[in-house]
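Trainee: First the structure, then my questions, so here it is.
The values are calculated or read from the model by the stated rules, or taken from the named source; none is laboratory data. Everything quoted here is computed from the prediction, not taken from an experiment. So basically every Cβ, Gly included, is an ideal-geometry build from the backbone, and we count neighbours across all protein chains shown. Just the protein is used for accessible areas: all its heavy atoms, side chains included, with ligands, DNA and RNA removed. Shrake-Rupley method; radii C 1.70, N 1.55, O 1.52, S 1.80 Å.
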Amino acid sequence: MNEEQVGFIDFVKLVISALEAADIKYMIGGAIASWAWGEPRSTMDVDLVVDIPIESINGLSHELKLRDMLVPAEIILDNILENRVDHPINAIHIYSGFKADLYPFRVGDELRASALARKRLADLGPELGEVYLHSPEDLVIYKLWCFSLSRQTKHLRDMTAILHSQGEDLDYQYIKQWVGNKGLDILWDEFLKEFRSRQ
């Protein structure tokens, strides 16, 4: 394939097909999950949480290579074993330059375990079809966490769109529990106050 033949949605489908072929549990977060629970915004990357058993590492590396993403098995293993920082495994399509950030689940990560257990199968339309996504509540939690680290306002915009779209269907008690566990109470309260003042 050349660059002209691989659009962003094509790339996302390649990533998902590689994960499914390697029997890797996944869920999509970031901007793509926001398409379902909030509102569309442009993106050139796809963020995924992945649960990669050690015995599936070679298979995943092979399936990605078949789809023009070169991620050596040693890189995947090193990333999974590194528990001091939460860096993703980068899978870059060599022709289009599109990138997938694969965030591995590690034993002891209770928030990610909870999010994986609550993932939702959602239909993102005829081009992409049904894929597994972060639940809207878990997406809000991760967006707040990312904002606390980066101060990028895109996370606040995504959170606002999710709250507007989902309304009272959101499990606010679940969100409150996890923002408390992550020490984000004050930031969450400030966001809610600002959000409600604009209603």
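Trainee: Among A91, A73, which is buried (at least 20 other Cβ atoms within 10 Å of the Cβ) and more than 26 Å from V179 (Cβ to Cβ)? Don't jump to the end; show me each part of the working.
Mentor: Details: A73 fails: buried (at least 20 other Cβ atoms within 10 Å of the Cβ).
One residue alone meets the criteria, A91.
Quick grid of which residues meet (1) part of a helix (DSSP H, G or I); (2) closer than 26 Å to D86 by Cα; (3) in contact with a strand residue (DSSP E or B) (Cβ under 6 Å, 6 or more places away or on another chain); (4) touching a residue at least 40 places away in the same chain (Cβ under 8 Å):
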site: E127; (1), (2), (3), (4): no, no, no, yes
site: Y142; (1), (2), (3), (4): yes, yes, no, yes
site: R157; (1), (2), (3), (4): yes, yes, no, yes
site: E168; (1), (2), (3), (4): yes, no, no, no
site: K176; (1), (2), (3), (4): yes, yes, no, no
site: D189; (1), (2), (3), (4): yes, yes, no, no
site: Q199; (1), (2), (3), (4): no, no, no, no
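Trainee: Right, next: Given the options S61, S42, S34, S96, name the one that is without any contact (Cβ under 8 Å) to a residue 60 or more places away in the chain, surrounded by 13 or more Cβ atoms within 10 Å (Cβ to Cβ), of a type in the set (S, T, Y) and not in a strand (DSSP E or B). Steps first, please.
Mentor: Numbers: S42 fails: surrounded by 13 or more Cβ atoms within 10 Å (Cβ to Cβ); S34 fails: without any contact (Cβ under 8 Å) to a residue 60 or more places away in the chain; S96 fails: without any contact (Cβ under 8 Å) to a residue 60 or more places away in the chain.
Exactly one of S61, S42, S34, S96 is without any contact (Cβ under 8 Å) to a residue 60 or more places away in the chain, surrounded by 13 or more Cβ atoms within 10 Å (Cβ to Cβ), of a type in the set (S, T, Y) and not in a strand (DSSP E or B), namely S61.
Trainee: Report yes if D47 is touching a helix residue (DSSP H, G or I) at 6+ places or on another chain (Cβ under 8 Å), in a loop (DSSP other than H, G, I, E, B) and either surrounded by 22 or more Cβ atoms within 10 Å (Cβ to Cβ) or not hydroxyl-bearing (S, T, Y) (or both), otherwise no. Before the answer, list the steps.
Mentor: Working: touching a helix residue (DSSP H, G or I) at 6+ places or on another chain (Cβ under 8 Å): yes; in a loop (DSSP other than H, G, I, E, B): no; either surrounded by 22 or more Cβ atoms within 10 Å (Cβ to Cβ) or not hydroxyl-bearing (S, T, Y) (or both): yes.
Criteria not met by D47.
Trainee: If you take the residues in the range 144-155 that are open to solvent by less than 40 Å² (accessible area, probe 1.4 Å) and either in a loop (DSSP other than H, G, I, E, B) or touching a residue at least 40 places away in the same chain (Cβ under 8 Å) (or both), which one is farthest from L111 (Cα to Cα)? Write out each step before concluding.
Mentor: Let us first name the residues in the range 144-155 that are open to solvent by less than 40 Å² (accessible area, probe 1.4 Å), namely 144, 147-148, 155.
When the remaining residues are screened for being either in a loop (DSSP other than H, G, I, E, B) or touching a residue at least 40 places away in the same chain (Cβ under 8 Å) (or both), the result is 144, 147.
Working: L144: 13, F147: 17 Å.
That would be F147.
Trainee: So, one more: List every residue pair whose Cβ atoms lie under 8 Å apart, where the two residues are 6 or more positions apart in sequence or sit on different chains, the first residue falls within the range 5-25 and is open to solvent by less than 40 Å² (accessible area, probe 1.4 Å), and the second residue, located anywhere, is outside any loop (DSSP other than H, G, I, E, B) and aromatic (F, W, Y).
Mentor: Matching pairs, first to second residue: I16/Y26; L19/Y26.
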